[in-house]
Each structure stands twice: as structure tokens, then as C-alpha cells.
1. Only one of these conditions is not met by residue 307: (1) surrounded by 12 or more Cβ atoms within 10 Å (Cβ to Cβ); (2) more than 30 Å from residue 465 (Cβ to Cβ); (3) within 32 Å of the chain's Cα centre (by Cα). Which number is it?
2. From the list 525, 506, 499, 520, which residue is in contact with a Ser or Thr (Cβ under 7 Å, 6 or more places away or on another chain), hydrophobic (A, V, I, L, M, F, W, C) and either part of a helix (DSSP H, G or I) or within 23 Å of residue 211 (Cβ to Cβ) (or both)?
3. In the set 562, 511, which member is among the β-branched types (Val, Ile, Thr), without any contact (Cβ under 8 Å) to a residue 60 or more places away in the chain, in a loop (DSSP other than H, G, I, E, B) and over 17 Å from residue 147 (Cα atoms)?
4. Within the stretch 489-497, identify whether any single residue is closer than 30 Å to residue 130 by Cβ, loosely packed, with under 15 Cβ neighbours inside 10 Å, within 31 Å of the chain's Cα centre (by Cα) and not assigned by TED's automatic domain parsing to the domain that holds residue 321, and answer yes or no.
5. Scan the stretch 259-270 and report the pairs whose first residue is over 10 Å from residue 211 (Cα atoms) and whose second residue is among the hydrophobic types (A, V, I, L, M, F, W, C) and not in a loop (DSSP other than H, G, I, E, B), with Cβ atoms within less than 8 Å and a gap of 6+ or a chain change.
6. Six or more apart or on different chains, Cβ atoms under 8 Å: show the pairs whose first residue is in the stretch 457-468 and assigned to a helix (DSSP H, G or I) and whose second is at pLDDT below 90 and surrounded by fewer than 17 Cβ atoms within 10 Å (Cβ to Cβ).
7. Consider only pairs whose beta carbons are under 6 Å apart and that are at least six residues apart or on different chains; among these, list those whose first residue lies in the stretch 326-345 and is over 16 Å from residue 293 (Cα atoms) and whose second residue is part of a helix (DSSP H, G or I).
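The values are calculated or read from the model by the stated rules, or taken from the named source; none is laboratory data. Computed from a predicted structure; not experimentally measured. FYI the Cβ positions are ideal-geometry reconstructions off the backbone, even for glycines, and counts take in every protein chain you see.
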Amino acid sequence: VLDSLRTRIQDLNNVRLIKPLKSIQHVLQKASESAFTWVVHVKKMKAIYHILNLCSFDVTNKCLIAEVWCPVSDLANLRGALEKGSRKGDATVPSFVNRIPSTDTPPTLSRTNKFTSGFQSIVEAYGVGDYREVSPAPYTIITFPFLFAVMFGDLGHGMVMSLFALWMVLTEKNQQKKRSANEIWTTFFNGRYIILMMGIFSIYTGLIYNDCFSKSLNIFGSSWSVKAMFTNQQWTNKTLRTNALLTLDPNISGVFSGPYPFGIDPIWNMAVNRLSFLNSYKMKMSVIIGVIHMSFGVVLSVFNHLHFRQKFNVYLLFLPELLFLLCLFGYLVFMIIYKWLAFDARSSSAAPSILIHFINMFVMQGKDITPLFPGQVCVGLQIFLVVIALLSVPVMLLGKPLYLYWLYRGGKGLRRRRVCEIRHILKTSFMLLRTGETTGETHYLDFPFISMNKFDFADVLLYQAIHTIEYCLGCISNTASYLRLWALSLAHAQLSEVLWGMVMRLGLRMTTRVGVVFLLPVFGLFAVLTVSILLVMEGLSAFLHALRLHWVEFQNKFYHGTGVKFVPFDFSLLPSVFEQDGLL
């Protein structure tokens, strides 16, 4: 009896427990294969219903009404999509689009592709541009990798960086399919085109510096020759025995045959005064690049003034700002270039100091110092430039507030129109417009500077004073800030030279058979240190400094960055939308 009961219990377990469990496992296994697809469908449906809940419901016509922003160039596509949806859904009320006027400031749309999206991200990390404001992104495509390359100029390092970026570009489709969870790798991959441009520009500046892993390339042959020193009996056997250092005198005919065709002559890599020469060259080059870059930023502000119909800003802001910058630091650039062109090897010992002349320009002295060019001090050119720069400051400080005050205090019949005009000026100038949270209406009376019966001149003057002080002091500090181009370029070159001298040179000096075997690990150590220190660490440092030069020194001359980014409905943005609204 017990055996029969055990048999029945076992049969019941097989029929009621084991087989159903296996059947359930089989069903779940089949369902797991489609689970990801189901999740995607559910998320898309949630997103669609979430957007539909933002629409207004018309009880009479039993339809949904939505007020949205849409690019003008995409209106035809929008109408076509709505018509297609109406046909497929057999809707009783056809879908259509009406363009309605709005007093709200539209969001900013910047169309990008896979090449320009990285540079646009650099700009938007500073701030999203205002609607119809000049965008620095097209110019950043050139200026950002160039300023990086000035600090990172090395032919060998630039080639390694370019090859790495080129590999990411060529394999981008496979990398996108893998969807790596490594955040560092994702960051590098998203900036692959930026890294490629930085590497290409570093190759160019490396050729200019004639620097490849701290070594020079003698492609065209040096323009210096020691033969003339022996021919003119400047060097004798006694000189060779007593002097450890022999100096080439460019004043002797035949020593210097002309400039090197491209970049710096390779003989400077052997010179004792190489560092002094490169310091002077790179420091002056950094000032020239900085003044040109800042002047370009000031010029771009004109397009904002004209577009927002503020022509008075061209005369009261742009012109005094440009005059202040060019009369002081533009003149400094002129002196640097003039000294390069006017003095040769024979007259270089009599060349005056540019720094001394620039300091004496402010204290209005220096008559006893040798002038850089005829009439520099006697004619009063420097005094004239300083006076023009000083007169530009009160124009920047008082010009705009006084103009707005005069505009407000105009004739009684034009008062209301002038008030509206001042409102528009202040809205586009100070970007302090508030928008109603529920109705979306614009409340102009929330402006602290003006109402229908009051114009606060003190507040406008205070804001303009802050802008003037920031600009004038910024021109001085920003010009000095561009010296980081010289400092980081010098640091990169010295680190590369130290790494070569302390690692690679030791392996190359071994001439025995053991040295040949020892050369392989030495080269491996040199490669690891080059990639980790010079490429990664120095590259990130130069990247951050180039980023600062664009954000602080360049973009603040014309770019407000206080806009709102246009974010259209996109299924790729679903996770962030759900997390924000608490739907996941």
C-alpha cells in the first residue's frame, strides 16, 4: 500500500508540479527573447501619451490642440506627418497646422552633424545662445584646435593623436553598435572629430616649431654654416682647444645664408641659447594671437547689435571697445612686428625694449630712450593713442545710459512709443524677461529698469558701469591670459626633452649586444610614458586651457549664452524625460 501511495504521489508531482514548471520556464524563456522589444514599445507608448497629456482638449470638436515650437524649414514635414497620421487613423477631424504670433522668446536651434556636434557641445557647455544670437561654434571649429596645437605643438605627438582619432572615425559604426558603458571611453569617442582636428593642427605647429619627440628634422638643410668662421679666421686651433662653446656670428658673411624655408632652423636644437630664443618667439607670438582673437570677438558683436536693431550700440559700445583694445594692445602688436622687420643681425644690439616703451607709453615718458621707429615719442603718437583709449572709457560708461534716458525723456506725443522701444532694448540687452508659468504670457512690467511711468537711470548706469569695468580690466587680464600659450608650449617641449634624455637616450647609448636586447623594454617604457604623460595628461591640460581661452577671453566679447535650447520630441531622449517626470 505504501509503495502504491508513493507512486501516486510521484505521478501527481510530475503532472501538477514538474510539468507545469517546465512549461512555464519554456514560456518565460520565449518571452525573454522579446522582452527588450516590449520594453521599447512600452516606453514609446508612455512617451507619446506623456506628450499628448500636455495638449489642450477641445470638448466641442473632440480633438487635441497643441502649441509647440517648430523650425520654419520643418513646417512642410510637420504638415505631411499630420496628414499621413490622419489618413492612417481614420480621424473625423483632420489635423492641420496654424502659425500663431507669440511674444515669448523662441528657443535656440543649432543644426549640427556628427562633425560639428562636438564643437557645438563645447560652446553650449558655456551657455546656450539666445535666439538669433551670433554663434561662436563655426569659428570654434578652427580656433579651438589651433590654440590647442599652439600649446601642444609636436609633430610626433600630433601624428599619434591623429592616428588614434582616425581609427575611431573609421570604426565609428562598429563602436556605436557596441554601446560601451565606460564613461571615459564614451567621452573620447564622442569627441573623436575634435581630437582629429587637434592632432592635425598639432602636426602643423610641430612642423613650425620643428619639434618631433623633442628632436628637430633637418629636411631642407640648415641655413647656418661654420665654414665662414674658419675662412675669416674667427676660429683657430687655439680657440678650439680653449673654448668649449663656439658662437656663430651672423654678421660675418657666409655664416647665415637666409631663413629656413619652413619653420625653425634645426640648428637651434643644438644651440645653448635655444631656450632663450624660443621663449622670446613664443611669448610674442602668444600676444599677437591673443589680440587678434579678442579683436575678432569684438567685431562679431556688431552682428548682434545690427540684428537686434540696436544701431546705437555700434557707436556707443562697439567702437569704443575696439578703439580701447587696438590703441593699447593693438599698438603693442604693431611694435612687435615692426621690431621683427626693422632690425637685422647687424642692428639687433641697438634694438630697444618693447616692454620699456609700452610702460613709458602709460607714464608718458621715454624721451631719453632710443625710439623704436622715427617719431615714436617726439610726434606724440603714443600720447595720442593713450588719450583715445582713455576717452573711450566714458563713452562706454555713459553713452548708452544717457541715450536711453534721452529716449525716455522725449516729446510727450512720442512717449509711449519710446517706452516700448526702451523695453525692447532692455529685453535684448539684459535678458531679464520673465515668463508666466501657467498662461505663457510675457509680463513686461516685471522689468526692474522701466515701467510705463518710471525709468530707473541709476540701475541702467550701474549695469553699464559693471560692463565697462569688466571689459577694460578684462582686456589687460585677458591679454596676459594668452601667455598660457607660451607657457604650456614651453612646458610640453621641456617635458618631451626630459623624457627623451632620461629614458630613450640611455638605451641608444648602449653599444653592446646586451644594449640591443635592453633597447626593447626601454622603448616600451618610453612609449608608455609618452602616451600617459605627454599625450593624455598634457593633452587634457592643453584642452582645458584652450577651453578657458574660448569661454572667458573670446566668447564673453559678444556671446551672452542665456538662451533655452530647442529640444524636439525624440525617442532617443526618453530615459531623461521619464526620469525628470517620475514615469520610471
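1. Result: residue 307 passes all but (2).
2. Details: 525 fails: in contact with a Ser or Thr (Cβ under 7 Å, 6 or more places away or on another chain); 506 fails: in contact with a Ser or Thr (Cβ under 7 Å, 6 or more places away or on another chain); 520 fails: in contact with a Ser or Thr (Cβ under 7 Å, 6 or more places away or on another chain).
Going through 525, 506, 499, 520 in turn, just one is in contact with a Ser or Thr (Cβ under 7 Å, 6 or more places away or on another chain), hydrophobic (A, V, I, L, M, F, W, C) and either part of a helix (DSSP H, G or I) or within 23 Å of residue 211 (Cβ to Cβ) (or both): 499.
3. Numbers: 562 fails: without any contact (Cβ under 8 Å) to a residue 60 or more places away in the chain.
So the residue among 562, 511 that is among the β-branched types (Val, Ile, Thr), without any contact (Cβ under 8 Å) to a residue 60 or more places away in the chain, in a loop (DSSP other than H, G, I, E, B) and over 17 Å from residue 147 (Cα atoms) is 511.
4. Keep residues of the stretch 489-497 that are closer than 30 Å to residue 130 by Cβ, which gives none.
No, the conditions are met nowhere in the stretch 489-497.
5. 262/207; 262/208; 265/224; 267/224; 268/277; 268/278
6. 457/405; 459/448; 460/405; 463/430
7. Close Cβ pairs (under 6 Å, with a partner that is part of a helix (DSSP H, G or I)) amount to 335/354; 336/284.
Per-residue answers, yes or no, for (1) within 23 Å of residue 486 (Cα to Cα); (2) surrounded by 16 or more Cβ atoms within 10 Å (Cβ to Cβ); (3) modelled with pLDDT under 90:
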site: 239; (1), (2), (3): no, no, yes
site: 245; (1), (2), (3): no, no, yes
site: 250; (1), (2), (3): no, no, yes
site: 255; (1), (2), (3): no, yes, yes
site: 269; (1), (2), (3): yes, yes, yes
site: 276; (1), (2), (3): yes, no, yes
site: 282; (1), (2), (3): yes, yes, no
site: 297; (1), (2), (3): yes, yes, no
